[in-house]
1. So, of the residues in the stretch 21-39 that are under 27 Å from the mean Cα position of the chain (by Cα) and open to solvent by 80 Å² or more (accessible area, probe 1.4 Å), which turns out to be modelled with the highest pLDDT?
2. On the basis of being open to solvent by less than 50 Å² (accessible area, probe 1.4 Å), within 18 Å of PHE126 (Cβ to Cβ) and out of contact with any Phe, Trp or Tyr (no Cβ under 9 Å at 6 or more places or on another chain), does TYR168 make the cut?
3. Among the numbered criteria (1) assigned to a helix (DSSP H, G or I); (2) at pLDDT 90 or above, which one does ASP205 miss?
4. Taking the stretch 182-191, which residues are touching a residue at least 24 places away in the same chain (Cβ under 8 Å) and surrounded by fewer than 20 Cβ atoms within 10 Å (Cβ to Cβ)?
5. Going by what's in this entry, would LYS216 be described as exposed (fewer than 15 other Cβ atoms within 10 Å of the Cβ), modelled with pLDDT of 90 or more and not aromatic (Phe, Trp, Tyr)?
6. With LEU128, LEU149, LEU154 as the choices, which residue is modelled with pLDDT under 95 and among the aliphatic types (A, V, I, L, M)?
7. Of the numbered conditions (1) surrounded by fewer than 18 Cβ atoms within 10 Å (Cβ to Cβ); (2) touching a residue at least 24 places away in the same chain (Cβ under 8 Å), PHE200 satisfies every one except a single condition; which is it?
8. Just one of (1) of a type in the set (A, V, I, L, M, F, W, C); (2) in contact with a helix residue (DSSP H, G or I) (Cβ under 8 Å, 6 or more places away or on another chain); (3) over 26 Å from ALA172 (Cα atoms) trips up ILE194, so point out which.
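The values are calculated or read from the model by the stated rules, or taken from the named source; none is laboratory data. These numbers come from a predicted model, not from an experiment. Here the Cβ positions follow ideal geometry from the backbone for every residue, glycine too, while neighbour counts run over all protein chains shown. The accessibility values were calculated without ligands, DNA or RNA, using every heavy atom of the protein model including side chains. Shrake-Rupley method; radii C 1.70, N 1.55, O 1.52, S 1.80 Å.
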Amino acid sequence: MERRKKLGYSQAELAKGICTQATISKMENKNIPPLVDILIKICMRLHLTPNQVLSEFTDPIDDSISEQFNQVNRNMNAMNYKEAKRIFRKINVKKLKSERLPMYHYDAGMIAFNYDHNMDDAQFEFNLVLQNHDLIDDDTNFLIEALSLNGLGLVYESKDDKNKAKYYFDKAYAMITDLPLKTTDDLNGVLSIIRHVAEFYAKYDDYRYSNQLISKSLQRLANAHPIPSIEYAYYSMAYNLYHIDKERYKDQIETYINYAEGFATFNQNENCLKIIKRYHKTHKFEYTLSELLAHVNN
């Protein structure tokens, strides 16, 4: 702010041709840094280095909270929900900036669903994310909103309420159709939604539509290298073809399993490799991917 005023720029003048005035306001009043490409352009206009600008956003407390969230998410991705809950309970919600609340309530919902198996608490937390829509002002929290819709789909699916589950799964999938994918976490989140939505349709024997969703999504993600958890997508496509016509699609099933095994090896996904090893022994798909993942983690 001081540099901007020293050079005689208003917020609107600094933003012109780079970003919105709201972005500059968030930088100065809410201590929210912009995207990297915007930051570089602002630095050039102010004759500053990126490090000089980023130093203004350094907050030791916030950095510590960020690391806690990262640890929670890493453990949830690894399905180590007990450890995720232990770390999550250390996060002091009173110290969170408003823009972090959607992530907080989403994590609380996923822990309630996966570890506590408390569907009412999970539903409450996911709904809190959606009710605080005014906090959803960037792509990251937009993804959290989509993940919360997906979470509600899982809750209603667990309650055998097909119509409500379908409503929330479809809404979550629609939200991620054009969502920018900037980080590995974004890819993980989108692939998680795709997997659950596709598995939902497969559960009700709509295997062809399930595969259409997966195939369409993989085409969109083709330029992202590497794609995390892509092995689950190929395993799910093999599962669907097996239930459509296992003899007719025998070769394609084996191709997808080989793809899944290759990506699982590359991504060091031991859980998926265990599932594929099980398939190689039986050449059957008796259980859904979620059921098998729950089994290998118990």
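1. Applying the filter and picking the extreme gives LEU35.
2. no
3. Exception for ASP205: condition (1).
4. LYS182, THR184, ASP185, ASP186, LEU187, ASN188
5. Taking the combined requirement at face value, the residue does not satisfy it.
6. Exactly one of LEU128, LEU149, LEU154 is modelled with pLDDT under 95 and among the aliphatic types (A, V, I, L, M), namely LEU128.
7. With respect to (1) surrounded by fewer than 18 Cβ atoms within 10 Å (Cβ to Cβ); (2) touching a residue at least 24 places away in the same chain (Cβ under 8 Å), PHE200 is out only on (1).
8. (3)
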